[in-house]
There are 2 protein chains.
Amino acid sequence: MNEAYRSGCPINLTLEVLGDRWSLIVIRDIMFGNRRHFRELLQNSEEGIASNILADRLKRLVERGLLSREDDPSHKQKGIYSLTEMSIRLVPIFAEMGAWGRRFMPVSEELSIRAQLLEEGGRPLWEDFMAELRVLHLHAPRDPGKPSVFDRLRAAYLEVVARNAAAPDAAE
Amino acid sequence: MNEAYRSGCPINLTLEVLGDRWSLIVIRDIMFGNRRHFRELLQNSEEGIASNILADRLKRLVERGLLSREDDPSHKQKGIYSLTEMSIRLVPIFAEMGAWGRRFMPVSEELSIRAQLLEEGGRPLWEDFMAELRVLHLHAPRDPGKPSVFDRLRAAYLEVVARNAAAPDAAE
DNA sequence: TAAACTAGTTGCAAAAAGCAAGCAGTTGAA
DNA sequence: TTCAACTGCTTGCTTTTTGCAACTAGTTTA
């Protein structure tokens, strides 16, 4: 439990907590896909995470304050994983990573539409999105006037999926 | 050499290239510390990277287009590693990671002063810094009017180091 | 009451990271 | 001209992490 960090550099410390192949993927699925249970995270995983690694990452992320876990009142075995302020504040990093990936990597259209919207919306949209994640995950009061960024991102994604299902030759 | 990616998600693809414990550390040292040779990267490494891992990462990053390597004309054995446009565009990610690390992790004052300046300067400063990295690494023509962001970051760092050397009890 | 579903475990193989030492070629000073 | 120091790595070995597949104990639903 005694964590000795390699250095006090903020980039290094961020990397020590998030710099592996799965931690950010798990947080991404909770954040953008609203997957809150173990099975949802396991079975809907685009990248196919293994159950032992998912279990390990969830445990580690809870220990380190990036996620919280509560029992689901509707099912004695289910746990509900939620973002914390610490992970909600990763939104700008996700947005920048998405923008970079879109520019330099062979992304698919379907999976990059959300990154595009986040990039185009810029910091004001990120702030709205973070406020909304606080409603979803931290029981913050909902701002009645605001349209949902979360829903907008999901709708855009589903629209692309539907369009590509209709004309599968144009996919990717 | 046949790279099969786990998915076409931009965040995943970024993670597949940079999501390990050392790649971004190496790029950080080249970018902010202007370390251009193998030995410089090895011996001045704050985190103590091993030589075999450094060799492997340099090779991988060159293969993947994040660094380029040229022979140093002044020494037959030396290679000079440079950033590419692909890695220069990581500046916003570094800035956001630095800001996040400063907020949530136990950073040291000395090593976080640059992150603080980048955060305060915002995107306009990042753009200036990227322009300057293009001069240093891509042989872009220097803009004569601009004061150097790189020098400013370094000066701020050295100032903190000097201050803490004078009053070592206040050091983190 | 049995099938299906829940959150994980367990055991083992493969890959990656980490450590310490070594190496062939190059340079610069005596 | 010779030798120590320096160059970018490499090698051999151990430890840690990842990945795969099967399995488990308890819970819910039909």
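Does A:GLU109 meet the test of being over 30 Å from B:ALA115 (Cα atoms), more than 7 Å from chain B (Cβ to nearest Cβ) and modelled with pLDDT of 95 or more?
Details: over 30 Å from B:ALA115 (Cα atoms): yes; more than 7 Å from chain B (Cβ to nearest Cβ): yes; modelled with pLDDT of 95 or more: yes.
Yes; evaluated as a whole, the condition is true for this residue.
Residue count for segment B:100-127, restricted to those that are farther than 28 Å from B:ASP143 by Cα, of a type in the set (Asp, Glu) and surrounded by fewer than 17 Cβ atoms within 10 Å (Cβ to Cβ): 1.
Could you please let me know if A:PHE104 is at the interface with another protein chain (Cβ under 7 Å from one of its Cβ atoms), away from DNA strand D (no atom under 16 Å from the Cβ), within 29 Å of A:ALA156 (Cβ to Cβ) and modelled with pLDDT of 95 or more? Against the criterion (at the interface with another protein chain (Cβ under 7 Å from one of its Cβ atoms), away from DNA strand D (no atom under 16 Å from the Cβ), within 29 Å of A:ALA156 (Cβ to Cβ) and modelled with pLDDT of 95 or more), A:PHE104 qualifies. Checking each residue in segment B:69-91 for being away from DNA strand C (no atom under 14 Å from the Cβ), more than 14 Å from chain A (Cβ to nearest Cβ) and touching a residue at least 24 places away in the same chain (Cβ under 8 Å) picks out B:TYR81, B:SER82. Across segment B:45-59, the qualifying residues are those that are more than 12 Å from every other protein chain (Cβ to nearest Cβ) and within 16 Å of the chain's Cα centre (by Cα), and the one among them that is nearest to DNA strand C (Cβ to nearest atom) is B:ARG57. Remark: A:SER148 falls outside the filter, which requires a residue to be closer than 30 Å to B:GLY19 by Cα and either in contact with a strand residue (DSSP E or B) (Cβ under 6 Å, 6 or more places away or on another chain) or of a type in the set (S, T, N, Q) (or both). If you check B:ARG6, B:ARG35, B:ARG28 for being touching a helix residue (DSSP H, G or I) at 6+ places or on another chain (Cβ under 7 Å), of a type in the set (D, E, K, R) and over 19 Å from A:SER7 (Cβ atoms), only one passes: B:ARG6. Could you please let me know if A:ARG39 is within 17 Å of the chain's Cα centre (by Cα), charged (D, E, K, R), more than 9 Å from chain B (Cβ to nearest Cβ) and within 12 Å of DNA strand C (Cβ to nearest atom)? Yes: the conditions hold for A:ARG39.
Of the residues in segment A:72-85, none is within 15 Å of DNA strand D (Cβ to nearest atom), surrounded by 20 or more Cβ atoms within 10 Å (Cβ to Cβ) and at pLDDT 95 or above.
In this structure, does A:HIS139 turn out to be within 16 Å of DNA strand D (Cβ to nearest atom) and exposed (fewer than 15 other Cβ atoms within 10 Å of the Cβ)? Taking the combined requirement at face value, the residue does not satisfy it.
Pairs linking a residue in segment A:39-62 that is more than 13 Å from A:ARG21 (Cβ to Cβ) to a residue that is of a type in the set (Lys, Arg) and more than 7 Å from DNA strand C (Cβ to nearest atom), with Cβ atoms under 7 Å and 6 or more positions apart or on different chains, are A:LEU41/A:ARG35; A:ASN44/A:ARG35.
Of everything in segment A:8-36 that's among the acidic types (Asp, Glu) and more than 7 Å from every other protein chain (Cβ to nearest Cβ), which residue is surrounded by the most Cβ atoms within 10 Å (Cβ to Cβ)?
Within segment A:8-36, the first condition is being among the acidic types (Asp, Glu), and the residues that meet it are A:16, A:20, A:29.
Applying the additional criterion that residues be more than 7 Å from every other protein chain (Cβ to nearest Cβ) yields A:16, A:29.
Working: A:GLU16: 19, A:ASP29: 22.
Among them, the one singled out is A:ASP29.
Residues in segment A:82-96 that are within 12 Å of the chain's Cα centre (by Cα) and not polar (S, T, N, Q): A:LEU83, A:ILE88, A:ARG89, A:LEU90, A:VAL91, A:PRO92, A:ILE93, A:PHE94, A:ALA95.
Quick one: is A:ARG64 within 12 Å of another protein chain (Cβ to nearest Cβ) and either in contact with a Cys (Cβ under 8 Å, 6 or more places away or on another chain) or surrounded by fewer than 21 Cβ atoms within 10 Å (Cβ to Cβ) (or both)?
Numbers: within 12 Å of another protein chain (Cβ to nearest Cβ): yes; either in contact with a Cys (Cβ under 8 Å, 6 or more places away or on another chain) or surrounded by fewer than 21 Cβ atoms within 10 Å (Cβ to Cβ) (or both): yes.
So A:ARG64 passes the test.
The values are calculated or read from the model by the stated rules, or taken from the named source; none is laboratory data. No experiment lies behind these values; they were computed from the predicted model shown. Neighbour counts run over all protein chains shown; Cβ positions are idealised from the backbone, glycine included.
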